[in-house]
Amino acid sequence: MIEIKNLFKQYKEVLALNNFNLTVEYGEIYGLVGPNGSGKTTSINCMLSLLKYDKGEVYLFGKKMSDSRSDLKAKIGYIPQDISVIYDLNVYDNIDFFCGLYISDKATRKKYVEEAIEFAGLNEFRKFLPAKLSGGLRRRLNIACGIAHKPELIIFDEPTVAVDPQSRNKILEGIKELNRNGATIIYTSHYMEEVEYLSTKISIIDKGQILVSGTTKELKNFVGLGNSLEVNNIDLSNGLENSLRAINGVNKLLKTSNNLKIIVDNDMVISNIINHLNQNNIIYDSLNIKTPTLNDVFLDITGRELRDNA
Ligand SMILES: Nc1ncnc2c1ncn2[C@@H]1O[C@H](COP(=O)(O)OP(=O)(O)O)[C@@H](O)[C@H]1O
Ligand SMILES: [Mg+2]
């Protein structure tokens, strides 16, 4: 559905895209994740021909994308990072306006607007002006405006920044629903947990370049981060540490006051550790298996926290 090749974009001082490449298949929820300023918004604006780029090629639906391809634009829904609704139109009229850019048949348009209102949970606010809505509801209006014409490709640029938890959940579930109904989704975020929850595939972007792409599992395998076993309130006397280190596949032991984190090469090792603890009657409060997060992946590749400047 999307093929971006060797894209370069220079703002005055900043090289915002530095050989950016991206391939997205039909039907994915594709997460584009990276810290603030990494080039997520720029890549989307270039992809949609909203912004001129210096070099590179963009293909959408197998066709070369350009500013004049209104046929392609009609199949795309874009929900920009900065809310872009019309402030002197009420909720209904906003959605109707944006839907009307693509859907001319009156009856169809009315049906689509109603469906978007229902989808975004805006029914009781249909007469409200945007300024009267809470941040979360305004974000949902922004989404309703972007999806009302039933686009095949929907792009969300940081749709959950500064929204309340209730709207956030509604937005995340809504994205899943749109995908179930057939839309391909691109989703940018600097919230790893969200991307991990939603995405079928992920690219990590930093300094205008894609560092790695894959499923969450593939990315974690890529950097060789295994699971770890966290043991709470464990009695470490009697040389336990040494005997744990001696277990095949135990990679590292990290100690905090009463807790022990045992990083392992693969999940098989975890059951060996648990057996070892039980056979030696070791006392502890609880065991937790921790999977590495995407943040750990980013840290491993760049040496920086994703949240550094988030
Ligand atoms: N209009 C602009 N003029 C100059 N620099 C810009 C402009 N827009 C973005 N940038 C810079 O380009 C880089 C990428 O920005 P952006 O694409 O907005 O990142 P992200 O969406 O990942 O936060 C940043 O360094 C940002 O400061
Ligand atoms: Mg952005």
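The values are calculated or read from the model by the stated rules, or taken from the named source; none is laboratory data. Note that the coordinates shown come from a computational prediction; the quantities given were computed from them, not determined experimentally. No Cβ is skipped: glycine too gets one built from the backbone with ideal geometry, and neighbour counts run over all protein chains shown. When the accessible area is computed, the model is the full protein with side chains, heavy atoms only, and any ligands, DNA or RNA have been set aside. Shrake-Rupley method; radii C 1.70, N 1.55, O 1.52, S 1.80 Å.
Worth pointing out:
- The sole residue among Ile76, Ile95, Ile86, Ile44 that is within 17 Å of Ile185 (Cα to Cα), β-branched (Val, Ile, Thr) and more than 13 Å from ligand 2 (Cβ to nearest atom) is Ile76.
- Some residue of segment 242-249 being free of Cβ contacts under 8 Å to residues at least 40 places away in the same chain, surrounded by 13 or more Cβ atoms within 10 Å (Cβ to Cβ) and of a type in the set (Val, Ile, Thr): yes
- Count - residues of segment 170-206 that are in contact (Cβ under 8 Å) with a residue 12 or more places away in the chain and away from ligand 2 (no atom under 16 Å from the Cβ): 21
- Residues that are within 19 Å of Thr160 (Cα to Cα) and hydrophobic (A, V, I, L, M, F, W, C), drawn from segment 90-138: Ala116, Ile117, Phe119, Ala120, Leu122, Ala131, Leu133, Leu137
- Those residues of segment 137-169 which are part of a strand (DSSP E or B), away from ligand 2 (no atom under 16 Å from the Cβ) and of a type in the set (Val, Ile, Thr), in sequence order: Ile154
- Looking only at residues of segment 154-175 that are surrounded by 13 or more Cβ atoms within 10 Å (Cβ to Cβ) and within 16 Å of ligand 1 (Cβ to nearest atom), we find that the one that is farthest from Ser199 (Cα to Cα) is Val161.
- Odd one out for Leu133, checked against (1) farther than 14 Å from Val85 by Cα; (2) touching a residue at least 40 places away in the same chain (Cβ under 8 Å): (1)
- Among the candidates Leu306, Leu229, Leu287, Leu294, residue that is on the phi < 0 side of the Ramachandran plot and without any contact (Cβ under 8 Å) to a residue 60 or more places away in the chain: Leu287
- Residues of segment 8-36 classified as near ligand 1 (Cβ under 9 Å from one of its atoms) and closer than 30 Å to Arg180 by Cα, total: 4
- Among the residues here, Asn6 does not qualify as open to solvent by 20 Å² or more (accessible area, probe 1.4 Å) and within 16 Å of ligand 2 (Cβ to nearest atom).
- Qualifying positions in segment 205-226 - in contact with a strand residue (DSSP E or B) (Cβ under 7 Å, 6 or more places away or on another chain) and on the phi < 0 side of the Ramachandran plot: Ile205, Gln209, Ile210, Leu211, Val212, Ser213, Thr215, Thr216, Leu219, Phe222, Gly226
- Filtered residue count, segment 176-193, keeping only those that are more than 16 Å from ligand 1 (Cβ to nearest atom), among the polar types (S, T, N, Q), open to solvent by less than 50 Å² (accessible area, probe 1.4 Å) and not in a helix (DSSP H, G or I): 1
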